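I have placed the structure first, in the form of structure tokens, so that the comments after it can refer back to it.
Where a number appears in this text, it was derived from the coordinates with a stated rule and is not lab data. Fair warning: this is a prediction, and the values are worked out from it, not measured in the lab. Please note: Cβ atoms are built from the backbone with ideal geometry, for glycine as well, and neighbour counts cover all protein chains shown.
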Amino acid sequence: MSDPEFSEKADPEEAFTALADDNRIAILRALWEADGHEASFSQLRDAVGMRDSGQFNYHLDKLVGTFVAKTETGYELTEAGTWVNGAIERGSYTLEGSLEPITLDHPCRTCGDTRTLYYEGETVRIECETCPVKSQFALPPSVLIDVGRDEIPEVAGRYLRSMFQHLDNSFCWYCDGRVEVTVEPAVDPDEEPPEDAPDGLFEQVVDFPVVRYDCRRCGASPVGGLSQSLLDHPAVVAFHSEQDKTIDGHEIWEYAAIDTDRARIRSRDPFQAVVTYREDGETLSVVVDDSLSVVDVDR
């Protein structure tokens, strides 16, 4: 059997131009709110509030094919139409907000000082007061709606973990294209350390492994720590379960920190990196190659 083949049914510019009218957005929103995301012509027109039948039909026709499908009884959202509504609900295009910085409970694993969570521009930043180690990731406003201030770090952490679960299943977080996974040093060992780098930090970073996810379709290349990329590996899940612990009992920031006591490059030719998980005096070490394939597990 032959491999599936796909071709573009419309230019991206043409598809998104079809949304450049508030009447068409109103139609998509009306279908979104209808039972089963489906409605008849008259139900749709009444929901949108447009008296002119011909004018309404004109705008509806601009959506049919890409965002709306015609059925025996009326019209329904296509998958693309559903995604447009989902993007609206996420708030990325319509909401904005920020919050006062939140001091995290656990200190920086790199230097031991206090870490702070910031949220602005739809981005979470975790920064240390002393060292330059930080992490950041996009977080749509909808994630934080109706979330209490004290819950924000935990909720943001769960969102970050879901992002890496998606990536670890080889799908891009942005476009759902396939990703190629590479384990590599956090920095090139041949680079000169920055002048403002704290003593010893550059040496740690050179030996610290990170996981890069390169999307074949859109070109996005998010990077994460090795220890957080292996959280759902069966050996890691079983280890925590045997200690009557759950991974959810830890802040995700623990696994994202630069900490060569937890994760380090063991050899460069062939490339191997090891990450060690600790619970109540017990340890689990997982060794991976540069493709994130597990080559050894040691208790």
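Note on the range 100-149 and the range 16-85: Cα centroid distance 40 Å, given to the nearest whole angstrom. Quickly estimate the mean residue ellipticity at 222 nm for the chain, helices only: each DSSP H run with n ≥ 4 gives -39500 (n - 2.57), and the total goes over all residues, rounded to 500. Value at 222 nm, helices only, nearest 500: -8500 deg cm²/dmol. If one takes the longest principal axis of the Cα atoms in the chain, at what angle in degrees, from 0 to 90 and to the nearest 10, does the Cα axis of helix 53-63 lie? Long axis of 53-63 versus the principal axis of the chain: about 30 degrees.
Ratio of Rg to Rh for the range 12-90: 0.92 [Cα atoms; Kirkwood radius as inverse mean 1/r over pairs]. Spin-label model, residue 79/residue 61: points 7 Å from Cα along the beta carbon direction are separated by 2.8 nm.
Approximating the spin labels as points 7 Å out from Cα along Cα→Cβ, the residue 241-to-residue 51 distance works out to 6.5 nm.
Give the label of the value calculated from the structure for Rg and Dmax of the Cα atoms in Å, choosing from (1) 22.0, 81; (2) 24.1, 74; (3) 19.1, 60. Identified label for the calculated read-out: (2).
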